[in-house]
1. Just to verify a result, which residue in the stretch 15-39, among those that are touching an Asp or Glu at 6+ places or on another chain (Cβ under 8 Å) and aromatic (Phe, Trp, Tyr), is surrounded by the most Cβ atoms within 10 Å (Cβ to Cβ)?
2. For residues that are in a strand (DSSP E or B) and either surrounded by fewer than 18 Cβ atoms within 10 Å (Cβ to Cβ) or free of Cβ contacts under 8 Å to residues at least 24 places away in the same chain (or both), tally how many sit in the stretch 40-61.
3. What number of residues within the stretch 48-104 satisfy the criterion of being under 15 Å from Arg37 (Cβ atoms) and small (Gly, Ala, Ser)?
4. Consider only pairs whose beta carbons are under 6 Å apart and that are at least six residues apart or on different chains; among these, list those whose first residue lies in the stretch 12-31 and is part of a loop (DSSP other than H, G, I, E, B) and whose second residue is of a type outside the set (Gly, Ala, Ser) and modelled with pLDDT of 85 or more.
5. Output the residue which, of all residues in the stretch 66-102 that are out of contact with any strand residue (DSSP E or B) (no Cβ under 6 Å at 6 or more places or on another chain) and outside any helix (DSSP H, G or I), is surrounded by the fewest Cβ atoms within 10 Å (Cβ to Cβ).
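The values are calculated or read from the model by the stated rules, or taken from the named source; none is laboratory data. Keep in mind it's a predicted model, so treat the numbers as computed, not measured. Ideal geometry is used to build each Cβ from the backbone, glycine not excepted, and the neighbour counts take in all protein chains shown.
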Amino acid sequence: MEEVETTEKSEYREISIWLDKYADLFSEYDESDFSARTLSDNFLTEVRKLVQEAGNNKVELKFNLMEDQPDPAVESFIIKNIHYYFAVKVKQAEAEKRKILRNGGLLTLAGFALITFIILLGHTWSSIVVLKGFEMMMDPLGWFLTWTGLDMIFVQSKKEQPHIDFNRRMTNAKLTFAAFGMPEVLEAPAVEADELRLAS
């Protein structure tokens with residue numbers, strides 16, 4: 001995979017990627033069929049950087065081949081592979097965000113419940129020394145659970161949103177191929193993430 005450059009095109013932000021051959025998009029250690037081959041880490045890193053630089057525009061990835069001859073069948077497999085990969089990543093990131101929110105909510109509720117119990121215990125049995133010591137030990141734990149839960153809800157869960165947004169944009173990206181110096185030979189419509197039946 002060679003130099004990558006971007007240009008503006010209608011409502012899409014065109015990202016032109018120059019390839020020697022189709023295999024440049026995939027891991028050199030994976031020799032399986034293009035329909036199931038693992039995408040290259042280098043390709044994923046470069047695309048993430050360029051898509052972030054494109055702002056909020058819709059994205060069109062234009063792959064320019066320098067050596068391989070155009071093969072519509074191979075390109076169709078590659079397009080489906082790329083869309084499927086990012087659709088799976090959307091599902092995974094959304095599931096992770098829901099998990100963080102759920103755990104944060106449970107910790108917050110547990111913290112509030114413990115603090116409430118300690119307050120009620122202090123008012124009811126304030127003269128018992130043993131219970132007073134229990135209150136002093138449990139009070140920091142109650143606040144720790146509460147603040148940890150709130151941090152998960154309002155801070156940690158938001159860290160997943162950029163991953164969700166990026167992968168959703170890539171799931172809906174327009175993907176096209178062109179041979180070096182030739183017009184585009186294939187264009188496939190974007191695949192909505194919820195159209196694929198994926199395991200969460």
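1. Here the residue is Tyr22.
2. 1
3. Selection size over the stretch 48-104: 2.
4. Asp20/Met66; Ser27/Thr38; Asp30/Thr38
5. Gln69
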